[in-house]
1. Hey, can you tell me all the residues within the range A:126-142 that are within 10 Å of another protein chain (Cβ to nearest Cβ) and either buried (at least 22 other Cβ atoms within 10 Å of the Cβ) or hydroxyl-bearing (Ser, Thr, Tyr) (or both)?
2. Could you grab me the full set of residues in the range B:29-56 that are assigned to a strand (DSSP E or B) and within 14 Å of chain A (Cβ to nearest Cβ)?
3. Only one of (1) of a type in the set (A, V, I, L, M); (2) assigned to a loop (DSSP other than H, G, I, E, B); (3) within 14 Å of another protein chain (Cβ to nearest Cβ) is not met by B:Leu225, so which one is it?
4. Among residues belonging to the range B:177-187 that are open to solvent by less than 20 Å² (accessible area, probe 1.4 Å) and touching a helix residue (DSSP H, G or I) at 6+ places or on another chain (Cβ under 6 Å), point out the one that is farthest from the other protein chains (Cβ to nearest Cβ).
5. Tally up the residues in the range A:346-397 that are under 23 Å from A:Gly81 (Cα atoms) and not in a helix (DSSP H, G or I), please.
6. Does A:Pro60 satisfy the criteria of being away from the ligand (no atom under 15 Å from the Cβ), open to solvent by 10 Å² or more (accessible area, probe 1.4 Å), in a loop (DSSP other than H, G, I, E, B) and within 14 Å of chain B (Cβ to nearest Cβ)?
7. Just one of (1) farther than 30 Å from B:Glu168 by Cα; (2) outside any helix (DSSP H, G or I); (3) at pLDDT 95 or above; (4) of a type outside the set (S, T, N, Q) trips up B:Pro191, so point out which.
8. Is it true that some residue in the range A:30-53 is assigned to a loop (DSSP other than H, G, I, E, B), in contact with a Phe, Trp or Tyr (Cβ under 8 Å, 6 or more places away or on another chain) and more than 14 Å from chain B (Cβ to nearest Cβ)?
Amino acid sequence: MATERFDAIIVGAGPAGSAAAYTMAKAGLKVVMIERGEFAGAKNIFGGVLYRKQLEDVIPEFWQEAPVERRVVEQRMWLLGKDSVVTMGHRNEAFKEPTNAWTGLRVKFDQWFASKAEQAGSLNIYETVATELIREGDRVVGVRTDREDGDLYANVVVVADGVNSLLGQQLGIHREWNPDQVSLAVKEVIALPKEKILDRFNLEGDEGVTTEFIGQLGGMMGLGFLYTNQETVSFGVGVMVNDLKRTKIRPYELIENVKQHPVLRKLLQGGESKEYAAHLIPEGGLHAVPPLSGNGWVVCGDAAQLVNFVHREGTNLAMTSGLYAAEAIIEAHARGDFGKQALSGYDRRVRESFIHKDLKKYQGLHGLLKEIDSNLFDKLPEALNSAAFQMLMIDGVSKAEKQKMAIKALREAAGGTANLIKLGLKGWRAMNG
Amino acid sequence: MHIVVCVKQVPDSREIRIDPNTNTLVRQGVPAIVNYYDLHGLEEALRFKDEQGAEVTVISMGPPSADKALKQCVSMGADRAILISDRAFAGADTLATSYVVSKTVEKVAQEFGPVDVVFCGKQTLDGDTGQVGPGVACRLDYEQLTYVEKVVEINDQAKTITVHRHLEDGVEVVKTKMPVLITALSELNKPRRASLPGVINASRYKPIVWTTNDFADLDRAKIGLKGSPTIVSKTWVPEPRKIDTKMIASGEAAAIASELVAALWSTELPTRLGW
Ligand SMILES: Cc1cc2nc3c(=O)[nH]c(=O)nc-3n(C[C@H](O)[C@H](O)[C@H](O)COP(=O)(O)OP(=O)(O)OC[C@H]3O[C@@H](n4cnc5c(N)ncnc54)[C@H](O)[C@@H]3O)c2cc1C
């Protein structure tokens, strides 16, 4: 068979790949998308919250047809003590119209998104692994796959193969992960009757709530999450890989332990665990973002480290980067030039967008988190909990005395006043560029 | 040489669950695959095609979603795929299914040339009866070779075929004349993984769809639920067999091991094994 040429090959049918494939196919480019899973989303997981804005930029009014779960009307942040919790949160009817975000499940969502690309004209190929980039001189000209006669050629290769980007490694833009640049998330989908979900989370109709929590993660730096879906909840924890190594706690033990926390246990009670999965999240931040394009290639989404872990945003950055890459390729296609210079429109778009600005805002955070002791992720919430407890317990001790005790507890948790102040200052700076 | 391969899309039995209330298979959310044995039939047909040249037509009766199974067959190298799909076919038992499949094979022969060999799987993963293949052979008045584990020779000139049939007490070597219907065992071969051009070809391929209206002489009393005399009187989930177990938990590994050995020796097992 004569080898067929494509305008673009997209590797990976995640949010980044599908956004790129959809956009290019719609513009009339001849594209093929290669995915190793049996179907898009087969093995993909995320928390997950899907944001409206960036997907709307790709597919207007997608919510009319996309398989989303619940409209997020409330976001909660919990600081867990041993048997206690300090809660914060924000609920607002205004999050509904227009909807700000939905909860979702990748198995359904990715499948739908990839099918949109297919309907637009993309040739989607599954159960096929891209094993290698094919090069001629300093240009990428195609992709080798693990199937017989598996070489494919195109003007541009869109590398959207996710956090463990094999192709990124071959481009030399993706090093092996350091354990302190990546966290491991484990997640369970737990089935609960719809009425129970509505009752327990104070919801109506398709309203949903997200809860994130810190504390009680075995002295590890990390975050837990609990999101309501239609008839399931997504529950999981993500912790830095170096902490897992240090504490020797196994991820599934961690998730089982956290489930026993009295507050969480009551929310999950009677639920049936339907699936369990683990996945890495890149947390390298802006410093880890590589050049985004070169001769005959672009890299998008997690493969390019485009994740805002402070706000658990990833799919939206992935989609936007896929969209921008596609737009740059469409321009390059019109000019018939696919060199580094011609594709740099993609880098520029990203640089001028919220992606770069948000990552820049938190660029100091990664350094800070590296410095501080992971145990603080347990100690500080615990201290806050006991402070709250003291203030609210009416036992004849004066309020002034109680305040003193609370401050002392916090100071001790942070390892002294100087440390507490330093932490506060550094934290502020890290969160603000 | 024209080979027809019958395939069925079935729920992946590795992921099957039984609904405790209705005692039926939970099909929702279970991935659909090509019936495992059918793929061995297809592989055998494709090997013959590769070696001596043949036209391979794949047919499947099922819902519209079964076109995925047919596309998989095309990706592996089948030349054409036909989906027989109509609400009127639904609810068919093995009798009605073999009727529709035999009618389809006849129609395939009319439209695309005489058929020499029909492959079916030994049985399906979801039905397990193994009746459809022989039923089709009877209706078409073809020779039938069931439980075939090896195809020794297909002689296109003499129109004969020689195979090994796997029997309970041995292997039967049979030579017969074509047209013939073969039901395939998994020992027959190892189904191939589709090549990339194969997959690309299949993802652009649209299977031919035949509904009841496409058949000239279909007896409507013989199809679907109406044509299915089988009555399922009862289904139940067998109790898991109870096994006596004892936990030896305490002590050092060595102590646990010697307690285990002593326990094993105290059973009748060593005498039975002649130790
Ligand atoms: C536990 C967890 C919670 C998260 N929560 C959220 C959240 O709530 N909201 C949010 O927006 N983001 C969240 N994220 C981040 C988000 O999931 C990612 O940022 C996003 O999925 C990145 O999209 P992508 O398309 O770049 O990569 P991926 O989604 O990883 O897709 C890559 C695709 O490429 C395929 N692939 C990989 N290698 C190959 C190969 N060699 N050949 C062929 N195919 C290949 C994979 O199978 C996969 O389908 C979370 C992540 C995790 C792990």
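The values are calculated or read from the model by the stated rules, or taken from the named source; none is laboratory data. Just so we're clear, the structure is a prediction, and the values are computed from it rather than from any experiment. Quick reminder, even Gly has a Cβ in these numbers, built from the backbone with ideal geometry, and neighbours come from all protein chains shown. Side chains included, ligands, DNA and RNA excluded: accessible areas come from the protein's heavy atoms. Shrake-Rupley method; radii C 1.70, N 1.55, O 1.52, S 1.80 Å.
1. Those that are within 10 Å of another protein chain (Cβ to nearest Cβ) and either buried (at least 22 other Cβ atoms within 10 Å of the Cβ) or hydroxyl-bearing (Ser, Thr, Tyr) (or both): A:Tyr126, A:Thr128.
2. Listed by number, the residues that qualify are B:Ala32, B:Ile33, B:Val34.
3. Tallying (1) of a type in the set (A, V, I, L, M); (2) assigned to a loop (DSSP other than H, G, I, E, B); (3) within 14 Å of another protein chain (Cβ to nearest Cβ), B:Leu225 fails exactly one: (3).
4. B:Leu181
5. Number satisfying all stated conditions: 8.
6. no
7. Result: B:Pro191 fails condition (1) only.
8. yes
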